[in-house]
Every structure is written in structure tokens, then in C-alpha cells.
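The values are calculated or read from the model by the stated rules, or taken from the named source; none is laboratory data. As the structure is a computational prediction, the values presented were derived from the model and not from experiment. Note that we place each Cβ from the backbone using ideal geometry, even for glycine, and neighbour counts take in every protein chain shown.
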2 protein chains.
Amino acid sequence: MATNLDGAPLDGSSSDRQASGSPVAPAAAAATGAHVTIHDVATAAAVSIGTVSRVLNQRGGVSPVTRARVRSAVETLGYRPDRAARELSNRRPVTVGLSTAFGHRRLIPYFMLFLEHLLDEPASSGLRLRDVPTGPDGLPAAAMDAYMLFGAHADDPRIADLNRRGVPFVLVGQREGVRSVAADDEAGGRLAAEHLLRLGHSHTVHVTGGRQSQALGDRADGFLAAYEDAGAPPPRLLASDDLSALGAYRAMVRDLASRERAYTAVFAATDEMAVGVMAALSDAGLKVPADVSVVGFDDMPEVGDGLTTIRQDIAAVARTAVELLHEALTHERVRSVRVPVRLIVRGTSAGRR
Amino acid sequence: MATNLDGAPLDGSSSDRQASGSPVAPAAAAATGAHVTIHDVATAAAVSIGTVSRVLNQRGGVSPVTRARVRSAVETLGYRPDRAARELSNRRPVTVGLSTAFGHRRLIPYFMLFLEHLLDEPASSGLRLRDVPTGPDGLPAAAMDAYMLFGAHADDPRIADLNRRGVPFVLVGQREGVRSVAADDEAGGRLAAEHLLRLGHSHTVHVTGGRQSQALGDRADGFLAAYEDAGAPPPRLLASDDLSALGAYRAMVRDLASRERAYTAVFAATDEMAVGVMAALSDAGLKVPADVSVVGFDDMPEVGDGLTTIRQDIAAVARTAVELLHEALTHERVRSVRVPVRLIVRGTSAGRR
DNA sequence: CTGAAAGCGCTAACAC
DNA sequence: GTGTTAGCGCTTTCAG
């Protein structure tokens, strides 16, 4: 049974690919209407289905020319293998490991939302998603057919390892040279800064969680850079112990108690932290946004009602991740995408009095 | 294509069923070794596969006797339909909606962990799990083949609706008369109380989140009941605005500031809240467990290191939920299970000084 | 009321 | 190198 599963396929209806640089949908696809099978590809490429299967599964014994012909047919038809059929035939589903870095907290809203959106993706149907912990050696503890990596740091051993072993994977985060997706955190930081600047808040503090996370680092970078570009005084950084509401709350309370307040706005690195910030402000008798404006980041549903924030399109990130995963499984060209973010103005930010 | 999907099947290897009252694994299953298919059932029941399919899918036109024969064959062989095959044939996967009550916060660690364990269940392979929000009318916003209900309250409209329409579902929570699974929250509350009582803590406070949640209500009930049974003074209840660490923290801080501390231990309704409680204690200069013992509930990984807590076996709950879901899909007898919890003693509880 | 048979889309073994 | 073919386990006509 099952030998090499690398060429494993993903389902996926057809049309819309978004946020990629690629041309919209493969043209020909719409032609006949729907559901292109391996047969269609074979016909189009003028070969047998066996051959198509071989190139898709990276099994050798196919001449370069035929291979090219097949690949192009796949491309133009917008063919996506049907996993149910594959699973039935293989007697085994395609497994995908959701791998978080060692010590990376998995119980975070972002991961949770990502997971939900992942499930909502038709293209992920039938993929056997599994949460795979990472050992102290930095490698995933379980062998899977492919991986989605979260919380990767600069020289994450998982990347080298997976690359070396030729295991398909996509990184959720920012990284050139590997298949990756992430929200444009830096641009988000800038948007927050520009919004606050426009409102006249030249003195601000940025509540964040240190540099452990690349995303958070990027947000801070963007925020600071925009202030610098505007010739405004650099925002003060206030570090919280962790990324929780409680952590931000305590950091804020401590800060408010220890010094004269010299700012009129705070930018929290996440919505959760913004919740803590607002609670602290409120406990200190400060009104939001009258006394202090607050801007969050993520636009998490169910978190921070009415909060002005930077919306991150997690659904799009998840969708793209699945898309990239599929490309990894069928050995297409590596690409890396950055999903745009946007400012959502709600009730917690206002002009400086 | 697809008409009635009610009889939809679940995958599921074979052997172990746990925590149910049912006899271990269907005897005959082990006989030939593995992988019983619809063919085996047909042979065993001395009918054709077509007939087996018919009874499984609740499609009429089968005599009561044959139906019975088939059902019993299914039972003794431990047959579980193969979803991949079904999906292939139906041209459509079996969809399962994860439905949370309206207003029920989905970004909670419990839900998150449950989801992870759900994915880890082989028997859930290929089921198309989807997060389905609930509208203000109290009903799931999307039509699915089956549902898993979370956060159901006393007369949740979803239950009546689903029952009426004959849609298969399982409730994650406590409820007689419907397929349901949940941890034994009340027993957990008792365990916490008994532990504290044993350590000599006759005066305690229970930090909880009001009565909105049945689970939390049960925990409180068990806790209070055990104190009453022991003839000890009733624990004082301290309500937090929400179930978060921040909420518990603020409630504790407020409480510590407003009155003389008359207790030597606190039982928090969740590990998260315990984290908040401990932070507040620490900020007040109190040592845990030297000055005050703290007991949590859930035993969430990555939350509250070293916390004495009541472990809830979420994996078992998830596993059972899938099992019940499968039973619902194949129209078996309704049953409802309660998963045992246990006390995990770690460093936050100690004898009263 | 029940059996037989044709696929669903794909993989893999076996020919050519 | 490439085509052909036999299933994978199930649903669903179509006969009887």
C-alpha cells in the first residue's frame, strides 16, 4: 500500500484565486463548466490517465516532453485531484500536520480562528488535519504527508528539515524563498500610526509583547516607521509579559501608576491586549476615546467590541495557505504571498482634545 | 445525486470504545482481522450489498426481518461505513456543523482544544467539520448533514428544531434524552472541595462566572455540596464578569481590597480564571500556596503551570462525541455519557498553616 | 422487496 | 516510456 504521497492532491472547486499575483482562474476551466477529472487532463494532453497520475505523483518514467504537456494541461484546465477518490484508492487519507513552534502557545485566538477558516475551506475537505506538537529538538513529533508551519522563527529547524526531506509544507508567516502566507503586519502598523497621526496624536505608546514574534515585531516596526516618517516623536514601547489581556492590563496599570501620562493614544499589538489596555484605562478613571484613543490589531470577532482596529483577513490567509499547500503537494512553483490589511475605524479612537 | 444523507456513515477503525457502558468491541470483528466492508455485512446477513446500503441509509423498501438481520450483522461485525467511498459515490462529503449557542463565545480554550482533539480522531476523518454560527433565532445559520451542539441551555431551540426535522446531532454538554457527552463537572467540584477540606481549608471562596453556563453551575454545585456534606461553612461565591483570566483578576483584586481576607483557599471555575486569581494574589503580596491555596479546573495544557486542578479529559469527550455522532448518523439507539474527571495535585495547594 | 451491475476518480500492477 | 485494466467501498438505477 501507500508509498509516496508527495504528489497528494487537494480538492478545490475552481474559479477564484485571490490575493495572489497569478492571473485569475485558468481560462479553459470555465469552458465545459465543471468538475475536471484526470480523464479530461489525459484527453487534453493526449496521453493516458496512468501517465497523468505518474507526473502528478512525481513518479519517474515519464519523458520530459510528455510531463510538460501534462503539466500544462493540468494548468489550463484548472485540474484539482479529487481526494476522496485518492483516499479510496490509497486506502489512506492525505495527512497534514499543523505544526506550531516549540513553546509556541497554541491556545491563541489567532490559531483558533485560522483553524476554523481552514475547516471552512472546501479545498481542505478530506485533508486529514492534525495538530502536531513540536519537540524540544524543534521538529514535528509526528510524521505527516505535509505540514503547515506556525510561529516559525528566523532559523527554524523545521524548515531546513522539511526542505531536506522534500516534504511539502507551507509557512504561515513571512518568509521569502519558501511557500508562505501572512497578513501584512508592517503595513498594519503604519495604518494604525497614520490614523492616530491624522487625529492629532503625536504622543503615543505602543503596547506589545517583546520581539519573540515576527508578526508583532513587524507591527511595531511599521508603527514606529510611520511616526518617524511623519517627523513625530517616536512612540514609547511598553512591553507586556505575554500577549494576553491580563498581561497588557497589568503592564498598563503599572505604567499608569509609575509616571505622568504623556500620551493621548495607545496602539495595542493585538485586540486582546487592547482589551486589557482599555480595562486599565477605565480603572484609572480615563475615558476612551475622550481622554485616550485606543487602536487594536486583528479585528477578532467577539473581542473588543467597538474597537478601532487593523483588520487582518484570517479567512484569506487560511484560504491562501490551503492553496499553497495544494501547490506544494503537486510540486508547483514556490511563491509567497502577503495578505493586505485595513483600518477599521470604530469608537475607540477620536481626535485629540 | 445526493438525496438523503441522514444515514451518512463515519469511518472508524475498529476496536476500542471507551467510557461507554457498552461491551467492549464487537466480538466477531477481531475474527478475520480487519476492515469490514459492506460486502462482509451483506454476506453475513445473506443479502446483497444493495440491501445493506438501503437499511443503512434509512431508505424504505426493506422487510422488517431482513432489516433486522442486516442491523445485527452490522452490529456483530462492528461495521463502519467508509466515508471516502461514500463521498466518492455521492459526489459530496458528509458535513457536520459545530454549532455554538448564540452569543456563546467560540474563542475559548475549551472549544479550541475540543476542535483539536476532534481532528485527531480517526473516526472523524473526512467528515467535513464546519463552524456554524447561530442566529438570533437560535438556529444554526447553515444547513448541514449533522450537528455537534455546544453551549446549549435549558430549552435550546436547536434541540427541538433538529429533533423535529430528524437531523442527527450530538450535544456536548449534559442532557438526558438526547445523545450527549460531557465531563462530570459536578463530581469535579466535589473533588476540589474534598481536596481542600482534606488540607484543612474550611474557609474558601469559589471564583466563578455566574450561572450562564451549565458546566460552571455544576462545578459550583458539586463544590458547595461537598462542603455542606462535610458540615463545613459554605464557601463564599465570587462572581467574575466573564470567564477570562482578566475578569477573575479584577474580581479578586476588588475583593481583596474591599474586605478582610477570611479564607485560605480559592477554587476557580476554570484554569484560566485560576491564572487571574493567582496574579491577583501575587500582586497583593500573598504567596501561593503558603498563604492561599488555589485549585483550578480543566487542566488545560499551556495554562497555569504547576496548578492543582481537576483534569477534564477533553480528548475522551471529543472521541465520544464522534462516536455518538456516528451512532446518530446510522440511527442507533440514543445514549448519553458522562466522562469522569480527576484531581491533579500540583504545587498550588498545600495544608493550611 | 431484493439482487445485479454500472460507475464515482484515482492508483498501481501489468502489458506493450 | 506509456497505455490498459482491475479494483478501492459505496450508492443507485434497473431488472426480476
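Odds and ends about this structure:
- Yes/no for A:Thr43 being modelled with pLDDT of 85 or more and near DNA strand D (Cβ under 9 Å from one of its atoms): no
- Qualifying residue in region A:85-97 (condition: acidic (Asp, Glu) and within 15 Å of DNA strand C (Cβ to nearest atom)): yes
- Residues in region A:68-102 that are of a type in the set (A, V, I, L, M) and more than 30 Å from A:Asp156 (Cα to Cα): A:Ala68, A:Val70, A:Ala73, A:Val74, A:Leu77, A:Ala84, A:Ala85, A:Leu88.
- Boolean, B:Ala152 is closer than 27 Å to B:Ser244 by Cα, touching a residue at least 12 places away in the same chain (Cβ under 8 Å) and small (Gly, Ala, Ser): yes
- So A:Leu118, is it more than 16 Å from DNA strand D (Cβ to nearest atom) and at pLDDT 90 or above: yes
- Exactly one residue out of B:Gly50, B:Gly61, B:Gly103, B:Gly138 is assigned to a loop (DSSP other than H, G, I, E, B), within 16 Å of DNA strand D (Cβ to nearest atom) and without any contact (Cβ under 8 Å) to a residue 40 or more places away in the chain, and it is B:Gly61.
- Residue satisfying all of: in region B:68-105; under 16 Å from B:Thr37 (Cα atoms) and among the β-branched types (Val, Ile, Thr); farthest from the chain's Cα centre (by Cα) among these: B:Val70
- Note on region A:162-254: enclosed strands (runs of 3 or more DSSP E) holding 3 or more residues that are without any contact (Cβ under 8 Å) to a residue 60 or more places away in the chain and surrounded by fewer than 24 Cβ atoms within 10 Å (Cβ to Cβ) are A:236-239.
- Pick from region B:136-149, criterion more than 13 Å from every other protein chain (Cβ to nearest Cβ) and hydrophobic (A, V, I, L, M, F, W, C), ranking: surrounded by the most Cβ atoms within 10 Å (Cβ to Cβ): B:Leu149
- Subset of region A:99-129 (residues that are under 23 Å from A:Glu272 (Cα atoms) and either of a type in the set (A, V, I, L, M, F, W, C) or within 16 Å of DNA strand C (Cβ to nearest atom) (or both)): A:Ala101, A:Phe102, A:Leu107, A:Ile108, A:Phe111, A:Met112, A:Leu113, A:Phe114, A:Leu115, A:Leu118
- Qualifying residue in region B:55-68 (condition: among the charged types (D, E, K, R) and at pLDDT below 85): yes
- Subset of region A:329-350 (residues that are crowded, with 24+ Cβ neighbours inside 10 Å and within 16 Å of the chain's Cα centre (by Cα)): A:Val341
- Candidates in region A:108-135 are the residues that are facing another protein chain (nearest Cβ under 7 Å) and in a helix (DSSP H, G or I); of these, the one that is surrounded by the fewest Cβ atoms within 10 Å (Cβ to Cβ) is A:Asp120.
- If only residues of region B:64-100 that are of a type in the set (A, V, I, L, M, F, W, C) and not in a helix (DSSP H, G or I) are counted, the one that is nearest to DNA strand D (Cβ to nearest atom) is B:Val94.
- The residues listed here are B:Val294, B:Val277, B:Val266; of these, the one that is within 13 Å of another protein chain (Cβ to nearest Cβ) and at pLDDT 95 or above is B:Val277.
- Residue count for region B:53-69, restricted to those that are within 9 Å of DNA strand C (Cβ to nearest atom) and surrounded by 14 or more Cβ atoms within 10 Å (Cβ to Cβ): 7.
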